[in-house]
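Following: one structure in structure tokens, then a few remarks.
Throughout, read-outs are computed from the coordinates displayed, never taken from laboratory work. Every value quoted in this text rests on a predicted model; they were computed, and no experiment measured them. Cβ: placed from backbone, ideal geometry, glycine included. Neighbour counts: every protein chain shown.
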């Protein structure tokens, strides 16, 4: 039965909440300044100069008109002052254009640099997050909101700087208007109050809608990917999924469009109503200026100066309040970004400071370990007790869902046990620094990442700092049989992999797995973990790969997960899991004598090869 989609109504963010988000703006600008101090201060100075130019240009224009009228009314023409004024206005216009272009250029450069900086910080911060947090949908929504609006933050920077510039312009224009006709301020207030009311009314609405739809927009992104990707293309074509995916995408998109359209129509309707009021007030002021000019209280130059100043002042004030709303909404995204960066995972990771032993002496021990996901009552594994001895090759066996990979993630401290503890050489692993502890391990998961980078980079991912150590790369490739893949590539180690980029070469599943195994050899780790890393290899290639693995890791501790019993039998001991508990543990011969689950599964698989 199809899953019924809930109707999503945005939780309204009121003006007070939007305004409160501005507390992050000073920190925002401190970060921008750090990115490029010289460019930042150049931008600020240019804006201050640019802010003073509008009123100067208007005033010079007034003087030009008054001078022209004076020359018309006199018989002897003295044009020197007129040409000086024209030249001054021309110079101011050129200066204004040059400074505006400088501002736009510095905005773009600062924005690009800050966008790069924020993306790098998010990537690094994400590396601190526990795996169970990334697998939590609510926490992932928070991460998504932090990643959103990277380009929007660039626009926020420009908007806030423009806001500061406009304050200077508004104050200078207000000074000019007050000097000639103070009563125009009353009409000015009437003309901009409707805009202010409109902006307060709809403050935070766009952000509210976007926040409410965080999860749904992630689903839309996934449906877009699933319906138009080289990874999914075969299944989509074979099973005729295109119409289904398109229909599901359109259905969800239409719901978002309906909410967005409703909001847009409300803003447009109220905006038009308030604009009529504001425009009426402006033309009331214009009529007032005309009457004063006709009555002889103002000159023609005064008329042009006041009408131009009032029009620009009203425009600037409307833009100021409209931009203010945009700033508060963008600041809400900024709040998501900084709150994400400020998340502390120290308590969650329970990091200690004990130095790790240079060499494992006794090994690892699981004591009454149990784990269940947050907000879940179901135990994934429980009452797990076993030892992984130093230098031992231990294989995990069990049916799907038995808990094999969960134990690996607990050993790696991707998860912390819900109960019980894990010991290394008799000391709880929580007492070791988590990052340093995880460097002990070289791991290849079944769902290893196929990085669409060069072959060199893909192998070097196991120890990326040694990417230029050719001898180490060659050794890792030789041990994993990946040198055969290197030999087939036109550009060798420098071959671009994957189809995403020009001249990229796609690999078979077996070739990718050889490269993934090379990563484990690339890292000279104390403990090696292979979680179904050879599932894409044929039986002969897998047997050869594991035999080489056993030979090449003499003296090292290792954990092996494989569904092929012909492979796991070469391990020193085998641990059988069922329903999240240890059912039996021992050597291959001992488990066969026990005649329990291991023997049953081994005989079933062996019968399949007969």
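Here are some notes:
- Sorted by Cβ density within 10 Å, fewest first, the residues 270, 512, 83: 83, 270, 512
- Label-to-label distance for residue 488 and residue 273 is 6.9 nm, based on points extended 7 Å past Cα in the beta-carbon direction.
- Cβ-to-Cβ counts within 10 Å put 126, 405 in ascending order as 126, 405, the fewest first.
- Based on C-alpha pairs under 8 angstrom that are at least 6 apart in sequence, the range 449-523 has a relative contact order of 45 percent.
- Rounded if a/c under 1.5, otherwise prolate or oblate - the range 545-610, Cα gyration tensor axes: oblate
- Across the range 346-475, the mean sequence separation of Cα contacts (distance under 8 Å, 6 or more residues apart), normalised by length, yields a relative contact order of 29 percent.
- Efficiency of FRET between residue 419 and residue 178 - r from beta-carbon atoms, R0 60 angstrom, step 0.05: 0.20
- Computed Kirkwood radius, in angstrom, where 1/r is averaged over Cα pairs of the range 449-523: 11.8 Å
- Fraction of C-alpha pairs exceeding 16 angstrom in the range 387-468: 64 percent, rounded to a whole number.
- Gain in span if fully extended, residue 453 to residue 56, counting 0.36 nm per residue against the direct Cα distance: 137.3 nm
- Put in line by how crowded their Cβ is, counting other Cβ atoms within 10 Å and starting with the fewest, 89, 377, 419 read 377, 419, 89.
- Residues within the reach of a label modelled at residue 368 (point 7 angstrom out along Cα to beta-carbon, backbone nitrogen below 18 Å), restricted to the range 565-593, are 581-582.
- Global form of the range 372-425, assessed from the alpha-carbon gyration tensor, a/c cut-off 1.5: oblate
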